[in-house]
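Visitor: Take a look at the following structure, please.
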Amino acid sequence: MRKDAVCRSFGVLMTLLKGKNMASAQKMLLEGVSDAVCFMLGALAGYGLGKMVGIDIFEDGYSGSGMIGILMIGLGGGAGLHIARIWRSHQQAKNKLEEAEVD
């Protein structure tokens, strides 16, 4: 079953690379890059906020403050991902509005 999924994914990738659905490939690249960048920025913001409060996630053992710091990083990354998706939806709405004005 896993081999079939890999083969199917490879087939989709080859179709995109052949030039078919190039707009779709660019859209998927934009989604992936914006998700990754915003997730990392959010996680770094969560880490920085934790450091400002005095939480060190790298201290020995699993202390309560370390766990709260890890939670802050996770929540920051999730918030960054959510912001990326909101940004993309606003961009799509803006593009559709511009296309409607041209027509």
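Visitor: Arrange 62, 47 by Cβ neighbour counts within 10 Å, fewest through most, would you? Numbers along the way, then the final one.
Guide: Values: 62 8, 47 18.
Least crowded to most crowded, the residues run 62, 47.
Visitor: Output wanted: per-residue J couplings in Hz (rounded whole) for segment 79-86, from phi through Karplus 6.51 cos²θ - 1.76 cosθ + 1.60, θ = phi - 60°, x for Gly and Pro.
Guide: 5, x, 5, 5, 5, 4, 5, 5
Visitor: Another question, if that's okay. Kirkwood hydrodynamic radius for segment 42-103: how many Å is it when counted over pairs of different Cα atoms?
Guide: Value: 13.6 Å, from the Cα pair sum.
Read-outs: derived from the displayed coordinates by stated rules, not from any lab. Model, not experiment: these values are computed from the prediction. In this analysis, Cβ positions are derived from the backbone assuming ideal geometry, glycine residues included, and neighbour counts consider all displayed protein chains.
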